[in-house]
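The values are calculated or read from the model by the stated rules, or taken from the named source; none is laboratory data. Because the structure is a prediction, the values reported are computed rather than measured. Every residue, glycine as well, gets a Cβ built from its backbone with ideal geometry; the counts of neighbours run over all protein chains shown.
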Amino acid sequence: MKENNKKEKIDYAESDKKALFKTIDAVFVRFASALRTAQIFKINNITYIKQVHLLFALIKNILRDENEAMFEFRESSLFFNTIRVKFDFLSYNYFKLLSNKFREKEIGTVGFDRRLEQEELAQFVYYFANVKVKEKNPFDDFEAKIKKKGIKHIYLEKIHPYDLAALKGEGEAKKSAKKVFFKSITHLKEAFEREKKEKRFRLKTTRRLVQSIVDHISQDESFMIGLTSIKNYDEYTLNHSTNVCILAICFGKRLGLEKEELLELGVSAFFHDIGKLEIPKKILDKKGKLSKKEREIMEKHTYKGVERLICLKELSFLPVRTLYVTLEHHLWANLSGYPRYWKKDHIDLYSKIVKMCDFFDSVTTKRPYRKNVFLNDEALNLMLEKSGTEFDPSLLKVFANMIGVYPIGTLVVFNTRELGIITESKSEVAFLLRPKVKLVTDRMGNKIDGKIVDLTEMDPETMEYKRTIVKSLDPRQYNIQISDYFLAQAQ
Ligand SMILES: [Fe+2]
Ligand SMILES: [Fe+2]
């Protein structure tokens, strides 16, 4: 089989690559959509049958030209006919869905042969999505189950132990993400102190850390966003700057920025409030409203920041756009806001990105001067009210989509009376109200270390959703510390 694969790879390279990648994209999305639909509907439901029909037609089409059609999991990636499936942020949930299904059954390869029939494909996808397998030898158990169903033209291969270990390595990735998060805060502290004394900081280390944040976001965006529920660890500005850096990179990814651009954006977000080093603490932490004079001093942190940055010995290694972001991150989309002393007609894209992430993190953080700390979904609503004035409307749409109707880290109550915390939102419109959640109390209100459930799960008896969100809640009223739940995942 390996010989064949090699030959096919050469043929692919000679054919129209664009068309090939399109087909691979399509078959990946069709397979994942059929799986998702199978999780929601019964096997004879018309929506499910339609999804299977589309997948079947596509596979048959591929098999007309190719010897085989097979999905394969190796090196932590999904391949279709030996070509790596590329996924973007919108299809990332599909990738996770597939990788979970492969992992729990310890499957390395799913292949379809030319005699494949639609009925057996429907059976297979339904079982692949829903059947519970034994913990011991899940592969053998699953293979036996589908054989019993008379599925003959779909073959399976067991995953290589090395690839299984990589798939199971998510816990390690979370640990490492947590490490990078706290390391960033410490690094920023050191950088600020060094800058004060020596007018320099270790920019290479900053870049390495930000690169690491970019990499962790590629692996598990939801978890990284979850970490931004950590607030006021050490000094406010340090924790806040790290959170803004994470949110800005996630945002930049959604806008399709390149790797190098994400790094520049991250570094810029990291240092956006460096000018606050010059603002007296009694103004920064003042409980009451700032006087006109104090407000003027506070607003100076934007150009004080630029002043500090241009005096740096490593200035030539600092992205130029960091200066824009530092200066412009309090400017509104309608060009009001501050600083107000010079005529401006354009705001840099990075400044607009950082402005949104800055606002979101600020209003959701407890500060001495802030009477109302907004919940994540309230903060998003507040931002939507400011669309077109404070925030750029088209960028805000992307931001809202990233944060989700129920943002990651929101505490919610279900119709079952259980409480849960949103751990992963979904980008498909049909599932916006059905994210993944961690259960934190039972129906009686007792705190539990519950499992993570998918709100698309249905009760097979009644064919109704098992849980539906009723509303979001204030975690303080229930004595729940949201960040604890994310940190616990990285133990
Ligand atoms: Fe600021
Ligand atoms: Fe800020």
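When you scan the range 354-391, how many residues do you find that are of a type in the set (Val, Ile, Thr) and either away from ligand 1 (no atom under 14 Å from the Cβ) or over 25 Å from Ile230 (Cβ atoms) (or both)? Working first, answer last.
So in the range 354-391, the residues of a type in the set (Val, Ile, Thr) come out as 354, 363-365, 373, 389.
Keeping just the survivors that are either away from ligand 1 (no atom under 14 Å from the Cβ) or over 25 Å from Ile230 (Cβ atoms) (or both) gives 364, 373, 389.
Here the count works out to 3.
Which of the residues that make up the range 298-322 are more than 16 Å from ligand 2 (Cβ to nearest atom) and in contact with a Leu (Cβ under 9 Å, 6 or more places away or on another chain)? Walk me through it before giving the result.
Here is the first cut: in the range 298-322, the residues more than 16 Å from ligand 2 (Cβ to nearest atom) are 307, 310-321.
Listed by number, the residues that qualify are Ile310, Leu312, Glu314, Leu315, Phe317, Leu318, Pro319, Arg321.
Just to confirm my filter: which helices (runs of 4 or more DSSP H) fall fully inside the range 78-149 and include at least 1 residues that are of a type in the set (Val, Ile, Thr) and either under 27 Å from the mean Cα position of the chain (by Cα) or outside the structural domain of Phe251 (by TED's automatic domain parsing) (or both)? Give the steps one after another, and end with the answer.
Details: elements: 92-105, 118-130, 138-148.
Those helices (runs of 4 or more DSSP H) span 118-130, 138-148.
Report whether or not Asp459 is over 22 Å from Met356 (Cβ atoms), free of Cβ contacts under 8 Å to residues at least 60 places away in the same chain and not hydrophobic (A, V, I, L, M, F, W, C).
yes
Restricting the search to the range 129-146, which residues are in contact with a strand residue (DSSP E or B) (Cβ under 8 Å, 6 or more places away or on another chain) and hydrophobic (A, V, I, L, M, F, W, C)? Spell out the reasoning first.
So in the range 129-146, the residues in contact with a strand residue (DSSP E or B) (Cβ under 8 Å, 6 or more places away or on another chain) come out as 139, 142-143, 146.
Phe139, Phe142, Ile146, listed by residue number.
Could you check the range 339-365 and list, in sequence order, the residues that are at pLDDT 90 or above and assigned to a loop (DSSP other than H, G, I, E, B)?
As a first pass, look at the range 339-365 and keep what is at pLDDT 90 or above: 347-365.
Ile347, Asp348, Thr364, Thr365 - these are the residues of the range 339-365 that are at pLDDT 90 or above and assigned to a loop (DSSP other than H, G, I, E, B).
Would you be able to tell me the number of residues in the range 444-490 that are among the small types (Gly, Ala, Ser) and at positive phi? Even if it seems obvious, please write down each step before you answer.
Looking only at the range 444-490, we keep the residues that are among the small types (Gly, Ala, Ser), and these are 445, 450, 472, 483, 488, 490.
Add one more test, that the residue is at positive phi, and what stays is 445.
Total meeting the criteria: 1.
Just name the residue that is farthest from ligand 1 (Cβ to nearest atom) out of those in the range 285-324 that are among the hydrophobic types (A, V, I, L, M, F, W, C) and within 13 Å of Leu203 (Cβ to Cβ). Can you show your working first?
First, the residues of the range 285-324 that are among the hydrophobic types (A, V, I, L, M, F, W, C): 290, 297-298, 306, 309-312, 315, 317-318, 320, 323.
Retained after the next criterion (residues that are within 13 Å of Leu203 (Cβ to Cβ)): 309, 312, 315, 317-318.
Values: Leu309: 14, Leu312: 19, Leu315: 21, Phe317: 23, Leu318: 18 Å.
In this case the residue turns out to be Phe317.
Any idea which residue in the range 323-375 is surrounded by the most Cβ atoms within 10 Å (Cβ to Cβ), counting only those that are of a type in the set (S, T, N, Q) and away from ligand 2 (no atom under 16 Å from the Cβ)?
Of the range 323-375, the ones of a type in the set (S, T, N, Q) are 326, 334, 336, 351, 362, 364-365, 372.
Filter again for away from ligand 2 (no atom under 16 Å from the Cβ), leaving 334, 336, 372.
Details: Asn334: 12, Ser336: 10, Asn372: 8.
Looking at the filtered set, the residue picked out is Asn334.
Go over the candidates Lys293, Lys276 one by one and state the one that is more than 15 Å from ligand 2 (Cβ to nearest atom) and farther than 18 Å from Gln211 by Cα.
On the way: Lys276 fails: more than 15 Å from ligand 2 (Cβ to nearest atom).
When all the criteria are applied, what remains is Lys293.
Look at Leu327 and say whether it is farther than 18 Å from Val210 by Cβ, in a helix (DSSP H, G or I), within 16 Å of ligand 1 (Cβ to nearest atom) and more than 21 Å from the chain's Cα centre (by Cα). Step through it out loud before you land on a result.
On the way: farther than 18 Å from Val210 by Cβ: yes; in a helix (DSSP H, G or I): yes; within 16 Å of ligand 1 (Cβ to nearest atom): yes; more than 21 Å from the chain's Cα centre (by Cα): yes.
Yes: the conditions hold for Leu327.
Select, from Phe271, Phe201, Phe192, the only residue that is within 16 Å of ligand 2 (Cβ to nearest atom), over 21 Å from Phe486 (Cβ atoms) and at pLDDT below 90. Before the answer, list the steps.
On the way: Phe271 fails: at pLDDT below 90; Phe201 fails: within 16 Å of ligand 2 (Cβ to nearest atom).
Only one candidate passes the filter, namely Phe192.
Any residue that is hydroxyl-bearing (Ser, Thr, Tyr), touching an Asp or Glu at 6+ places or on another chain (Cβ under 7 Å) and within 16 Å of ligand 1 (Cβ to nearest atom) - is there at least one of those in the range 216-234?
First pass over the range 216-234, keeping only residues hydroxyl-bearing (Ser, Thr, Tyr): 218, 222, 228-229, 233.
Filter once more, keeping what is touching an Asp or Glu at 6+ places or on another chain (Cβ under 7 Å): 222, 228.
Now restrict to residues that are within 16 Å of ligand 1 (Cβ to nearest atom): none.
Looking for residues that are hydroxyl-bearing (Ser, Thr, Tyr), touching an Asp or Glu at 6+ places or on another chain (Cβ under 7 Å) and within 16 Å of ligand 1 (Cβ to nearest atom), one finds none in the range 216-234, hence no.
Look through Leu395, Leu439, Leu384, Leu419 and report the one residue that is touching a residue at least 12 places away in the same chain (Cβ under 8 Å), of a type outside the set (Val, Ile, Thr), under 22 Å from Ile246 (Cβ atoms) and surrounded by 18 or more Cβ atoms within 10 Å (Cβ to Cβ). Before the answer, list the steps.
Working: Leu439 fails: under 22 Å from Ile246 (Cβ atoms); Leu384 fails: surrounded by 18 or more Cβ atoms within 10 Å (Cβ to Cβ); Leu419 fails: under 22 Å from Ile246 (Cβ atoms).
Going through Leu395, Leu439, Leu384, Leu419 in turn, the sole match is Leu395.
Does His153 meet the test of being in contact with a Leu (Cβ under 6 Å, 6 or more places away or on another chain) and in contact (Cβ under 8 Å) with a residue 24 or more places away in the chain? Outline the logic, then answer.
Details: in contact with a Leu (Cβ under 6 Å, 6 or more places away or on another chain): yes; in contact (Cβ under 8 Å) with a residue 24 or more places away in the chain: yes.
The answer is yes for His153.
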